[in-house]
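Chemist: Below is the structure I would like to discuss, written out as structure tokens.
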Amino acid sequence: MIELRNICKSYGSLAVLSDVSLTVGNNEIITIVGPSGAGKTTLLQIAGSLDRPDSGKVIYDGTDLSGLNDRRLSEFRNRNIGFIFQFHQLLPEFTAVENAAMPALIAGLPRRKAFDKASELLDMLGLGERLRHKPSEMSGGERQRTAVARALINDPRVVFADEPTGSLDSRNRDEIRSLMADLRQRLGQTFVIVTHDPSVSEIADRIIHMADGRIL
């Protein structure tokens, strides 16, 4: 489904990624592990189209993302890719359902349909009683589940997660890990996860080890 070919990325004189190639299959869970500074997050950002490589290609089912201008790339990202971050990145002034519906509204889905879909997702994730709560009124695990609903709202082909359990206690870490495994089973969702948490790699089909900007 996704192919990264010979990706290189530098910031000034610092080479962050050096000739990295990786494929991601449909309905696959991949974890990317390695020490800090290995290039994991940069690889995730390039694969998720949040950043562009200096050289190399990112291809989604034959679509070379380097051929898309910024507007078309943003549209592609909105419709095909979901993101979960270590710190949920919810908008504090909006409720759970408003936060979850945001990508669908950006994509042009009518407000009623976007909110209905967000409500269904939140209910599926165990937050049916928290739809009108703002992030400050929810636990860490509830906020991260809201972020998962936001990532899923546009039925993305792949969800990229950057340390999704990194800010959670052990109970909520287990909950989010189990949730991702369940979503793959129930929805056929593909996940690419950067993590330092060994327990998250227990649900992975493949574990990608990185060091010094390369896949080992």
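The values are calculated or read from the model by the stated rules, or taken from the named source; none is laboratory data. Since the model is a prediction, treat every value here as computed from it, not as a measurement. For accessibility, only protein heavy atoms count, side chains too; no ligands or nucleic acids. Shrake-Rupley method; radii C 1.70, N 1.55, O 1.52, S 1.80 Å.
Chemist: When the helices in the chain are scored as -39500 (n - 2.57) per DSSP H run of 4 or longer and the sum is shared across all residues, what 222 nm value do you end up with, to the nearest 500 deg cm²/dmol?
Modeler: So the helix-based figure for the chain works out to -11000 deg cm²/dmol.
Chemist: Could you give the accessible area per residue of segment 83-187, probe 1.4 Å, as a whole number in Å²?
Modeler: Numbers: 5000 Å² over 105 residues.
Per residue, segment 83-187 has an accessible area of 48 Å².
Chemist: Still on this structure: Relative contact order of the chain: what whole-number percent is it, with Cα pairs under 8 angstrom and at least 6 residues apart?
Modeler: 32
Chemist: Sticking with this one: So which lysines can Lys9 reach, going by Cα to Cα under 27 Å and dropping same-chain residues fewer than 8 places off?
Modeler: In chain and number order, the partners are Lys40, Lys57.
Chemist: Oh, and also: How about Lys117: which aspartates and glutamates have a C-alpha closer than 17 Å to its C-alpha, ignoring those fewer than 8 places off in the same chain?
Modeler: Glu98, Glu129, Asp155
Chemist: Still on this model: Reachable lysines from Lys113, Cα under 26 Å, same-chain residues fewer than 8 places away excluded?
Modeler: Lys134
Chemist: Just to confirm the number: angle between the C-alpha axis of helix 140-152 and the first principal axis of the chain, 0 to 90 degrees, nearest 10?
Modeler: That works out to roughly 70 degrees.
Chemist: Against the longest principal axis of the chain, how steep is helix 111-124, in degrees 0 to 90 to the nearest 10, with axes from Cα atoms?
Modeler: Around 90 degrees separate the two axes.
Chemist: Continuing with the same structure: Among DSSP beta bridges lying fully in the chain, give the percent that are antiparallel, nearest 5.
Modeler: Among the beta bridges of the chain, antiparallel pairing accounts for roughly 50 percent.
Chemist: Moving on to the next point. Please build a GNM for the chain, connecting alpha carbons under 10 Å apart, and tell me which residue among Ile29, Ile84, Ile46 fluctuates the most.
Modeler: Result for the chain, Cα springs under 10 Å: Ile46 fluctuates most.
Chemist: Could you tell me the relative contact order of segment 109-216? Use alpha-carbon pairs under 8 Å, at least six residues apart, and round to a whole percent.
Modeler: Working: 87 pairs, mean separation 22.8, N = 108.
Contact order relative to length: 21 percent.
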